[in-house]
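A short worksheet on the structure shown next.
The values are calculated or read from the model by the stated rules, or taken from the named source; none is laboratory data. This is a predicted model, so every value here is computed, not measured. Using ideal geometry, Cβ is built from the backbone for each residue, glycine included, and neighbour counts are taken over all protein chains shown. To get the accessible areas, we keep the full protein, side chains included, count just its heavy atoms, and leave off ligands, DNA and RNA. Shrake-Rupley method; radii C 1.70, N 1.55, O 1.52, S 1.80 Å.
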Amino acid sequence: MTAVLARDLSAFVARGEDDRGRLELLVKGARCGACLAKIEKTARETIGVEAARFNLTTGKLAVTFAGADGDAAAVIDALDRAGYPATPFDPAQAIREEDREGRALALALGVAGFGAGNVMMFTVPVWAGVFGQELSPATREVMYWFAAAVATPCALFAGMPFFRSAWASLRRRRANMDVPISIGVILTLIVSFSETFQHGEHAYFDAAVTLLFLLLIGRYLDHKLRVRARGAARDLLALQSPAATRIDADGLERVVPVGEVEVGDALAVAPGDRIPVNALVESGASELDNALISGETAPVAVRAGSVVHAGALNLSGRLVLRAQARSENSAIAEIARLMEAGAQSKSSYVRLADKAAALYVPIVHSLALLAFVGVWAIGLGPREAILRAAAVLIVTCPCALGLAVPAVQIVASGRLFRMGVLVKSGAALERLAEIDHVVFDKTGVLTEGRPRLIDAPAAVVAMAAPLARASRHPLARALADAAGCGEVATDVVEVAGMGVEGMIDGRHARLGRASFVGVDSPHGSDTELWFGFDDDVRVRFAFEDSVRADAAAAAAELRALGIAMEIVSGDVAGPVARTAQAVGVDRWICGVTPFDKVGIVERLQASGRKVLMVGDGLNDAAALAKAHASMAPGSAVDASQNAADLVFSQGALRSIPESIRVARAARRRVMENFAFSALYNVVAAPAAILGLVNPFLAAIAMSGSSLVVILNALRLGVGRSR
Amino acid sequence: MTIVYMLAPLSLLLGLSGLAAFWWTLRSGQYEDPMGDAARILDDHLREGPDEE
């Protein structure tokens with residue numbers, strides 16, 4: 001692309017176990033198997049590369065070199081030519097991450113699945129015996145011992161995640177949902193064993209394992225979601241400009257990892273590269289695209305003496321910088337830290353199920369204790385007392401309660417998915433239902449996010465287009481887009497911070513700032529371009545970031561839901577005010593930094609508002625992580641999509657009020673389910689204390705109550721959707 | 001009826017071998033890249049297994 005310098009990226013090559021060089025790259029743009037084949041082939045055919053393996057799911061390419069050192073730059077250049085920009089990972093971050101917890105959960109799930117499947121082989125014949133088929137007591141007992149042999153080790157192994165979590169929660173003197181689940185499973189096993197010992201009829205080895213199997217599915221999916229969210233912040237850090245070109249004292253340029261840049265180093269940044277660290281411009285002039293930092297696309301002109309921020313893209317001229325900070329002090333590193341902090345503060349949110357458990361556990365368990373003491377006290381003996389206390393715990397086993405929340409949330413997520421909204425966790429739905437204040441980012445959310453030419457006659461556009469096609473300035477590109485395909489001007493020279501000049505049909509023409517073309521313009525310079533031939537006509541092109549078609553309708557629907565709104569943008573006052581007026585939002589704040597955005601969200605939440613943040617840029621990522629709930633459009637940068645609770649398909653702003661409606665409906669269903677579970681327990685628990693419930697009746701009641709809860713959740717799916 | 005005493009352990013053995021196979025797939029990292037593996041199985045030039053590096 002730019003001048004091919006001998007780049008020295010050896011710092012990114014780590015030494016493997018077999019003393020061979022290893023390199024990890026984050027490769028962008030791979031979509032399918034064909035891309036995978038091309039990437040691996042490209043990497044393998046590079047000289048010195050022994051093996052390359054690409055992970056299509058994570059986008060990471062692992063390269064092994066034949067020798068101890070390898071030419072990382074050659075691999076990156078080859079991939080770049082093939083159309084897949086690659087970024088080396090810091091060796092420290094390239095350590096193979098092992099998802100131990102995920103593997104343990106998957107294994108527990110496998111064991112529980114094996115147990116649930118195979119225990120049926122022995123318990124189904126017993127149930128057949130209950131319904132009048134011939135089954136001698138001796139055979140039944142053998143079946144139960146078989147069932148016990150399968151179910152007990154499986155349940156104890158697969159139950160470990162729950163037992164551990166319950167124990168940890170009890171030690172903090174709190175009771176989460178895992179406490180009744182653990183007690184229920186262990187008690188079911190104990191009572192089943194005692195029944196089998198006493199040649200009794202009703203043992204529930206199957207119930208214990210099946211319950212764990214179903215609960216583990218949810219637990220595993222939940223874990224996968226959290227792992228992905230954690231990876232977001234890491235990928236963000238790895239993506240900041242990985243290497244910097246340092247000008248050493250001897251005048252030679254060396255490419256070094258960004259982590260090695262010290263304050264005071266001289267750095268060179270070519271057009272098309274990103275600024276590696278916060279720095280002061282020493283010489284050169286250019287324009288910077290700050291989209292990654294502030295979210296706004298209008299380029300900013302810089303010259304000697306300007307302060308530039310890490311992550312900004314250098315558009316037009318070569319710059320020589322003097323580093324002012326180390327890379328861990330850069331704006332991107334700060335955003336990544338804020339994202340992690342925000343995610344942590346969110347994890348302290350107490351989910352509805354845990355709130356219910358906090359009420360349920362003490363009531364039910366003291367009831368069981370009361371039954372035990374009471375039955376013993378009225379002289380029925382300790383054995384009967386234990387059986388009745390156990391009956392209370394089994395009959396109130398939180399099957400329905402455990403299903404009340406996930407069943408509703410799965411149906412609600414399914415309904416939103418059909419509308420193009422991806423829900424990332426159940427907790428996100430619960431938080432979304434509580435929202436009473438929405439904070440919008442402007443660019444890319446309420447607006448299209450790119451400049452568009454307005455009110456220009458086609459003939460004039462066609463006249464300027466050849467020059468516009470030769471430039472990579474965003475406004476020139478918008479002009480070229482409007483003109484379509486065609487010829488390109490010759491002898492083009494891009495003048496940094498000013499515009500482009502070149503020859504069109506033998507005439508010298510200029511396109512750029514007003515002063516560059518030779519006119520005095522009273523208008524702002526960032527939303528207009530001037531074009532003119534030498535000593536001839538001067539035409540002005542105006543650009544605007546147009547408001548999305550359904551923005552006003554979405555805002556009206558939100559207002560009807562009783563939700564306050566405001567726009568918080570990094571853009572200048574004019575465009576923000578115009579957007580606010582077009583959308584119909586009264587409150588707006590302009591010119592804010594990413595950190596101000598977090599501060600605004602924090603202040604609103606401190607004053608008791610439940611804030612929904614809607615944003616798409618990297619500058620919104622920290623605010624998205626901090627807000628009570630957050631949504632990002634599908635066009636957002638990866639970091640923002642990962643930080644957001646919900647991702648909606650591009651451009652469909654109407655899905656925001658609809659998501660809130662579905663989330664509120666889901667909360668109503670959850671409450672109904674809780675009410676039903678409470679009612680069921682109010683009837684079942686006293687019946688168990690009085691000894692009216694035999695285990696068979698309990699099983700019917702338990703599955704019946706679970707069924708009611710699921711059916712109620714399904715009502716949400718058939719609700720009207722527009 | 002006595003056949004059950006032979007068939008039941010036999011089927012349990014079958015189930016256990018399935019569980020062992022699952023444990024092996026988990027250990028050898030076969031769930032690390034589901035998208036990539038789905039593509040690899042269709043392409044003869046990408047035959048490397050997940051174990052090879």
- When B:L42 is evaluated against the numbered criteria (1) open to solvent by 100 Å² or more (accessible area, probe 1.4 Å); (2) in a helix (DSSP H, G or I); (3) at the interface with another protein chain (Cβ under 9 Å from one of its Cβ atoms), which criterion, by number, is the only one it fails? (2)
- Query: Is it the case that A:L36 is modelled with pLDDT of 85 or more and within 13 Å of chain B (Cβ to nearest Cβ)?
  - Reply: yes
- Kindly state which strands (runs of 3 or more DSSP E) lie completely within segment A:381-476 and contain at least 2 residues that are open to solvent by 30 Å² or more (accessible area, probe 1.4 Å). A:452-454
- Would you pick out the residues in segment A:44-88 that are within 27 Å of the chain's Cα centre (by Cα), more than 10 Å from every other protein chain (Cβ to nearest Cβ) and open to solvent by 30 Å² or more (accessible area, probe 1.4 Å)? A:G83, A:P85
- Item | Which listed residue, of A:G608, A:G599, is free of Cβ contacts under 8 Å to residues at least 12 places away in the same chain and either touching a strand residue (DSSP E or B) at 6+ places or on another chain (Cβ under 7 Å) or in a loop (DSSP other than H, G, I, E, B) (or both) | A:G608
- Determine whether A:V493 is of a type outside the set (S, T, Y) and open to solvent by less than 10 Å² (accessible area, probe 1.4 Å). no
- Message: Take the conditions of a type in the set (A, V, I, L, M) and under 31 Å from the mean Cα position of the chain (by Cα) and apply them to A:V421. Does it pass?
- Response: yes
- Query: Can you name the residue in segment A:559-572 that is open to solvent by 30 Å² or more (accessible area, probe 1.4 Å) and in contact with a strand residue (DSSP E or B) (Cβ under 9 Å, 6 or more places away or on another chain) and is also farthest from A:D620 (Cα to Cα) among such residues?
  - Reply: A:R559
- Which condition number does A:N619 fail, the rest of (1) of a type in the set (S, T, N, Q); (2) outside any loop (DSSP other than H, G, I, E, B); (3) open to solvent by 10 Å² or more (accessible area, probe 1.4 Å); (4) in contact (Cβ under 8 Å) with a residue 60 or more places away in the chain being met? (3)
- Taking the condition of a type in the set (A, V, I, L, M, F, W, C), modelled with pLDDT under 75 and open to solvent by 30 Å² or more (accessible area, probe 1.4 Å), does A:L5 pass? yes
- Query: Within segment A:21-80, can you find the residues that are at positive phi and touching a Leu at 6+ places or on another chain (Cβ under 7 Å)?
  - Reply: A:G59
- Item | Single condition A:V493 does not satisfy, out of (1) part of a strand (DSSP E or B); (2) at pLDDT 80 or above | (2)
- In this structure, is A:V126 surrounded by fewer than 22 Cβ atoms within 10 Å (Cβ to Cβ), under 17 Å from A:T210 (Cβ atoms) and over 47 Å from the mean Cα position of the chain (by Cα)? yes
- Is it fair to say A:I589 is more than 26 Å from A:D481 (Cα to Cα), touching a Lys or Arg at 6+ places or on another chain (Cβ under 6 Å) and surrounded by 15 or more Cβ atoms within 10 Å (Cβ to Cβ)? no
- Task: Name the residue, out of B:S28, B:S11, B:S17, that is more than 8 Å from chain A (Cβ to nearest Cβ), at pLDDT 80 or above and farther than 17 Å from A:N55 by Cα.
- Result: B:S17
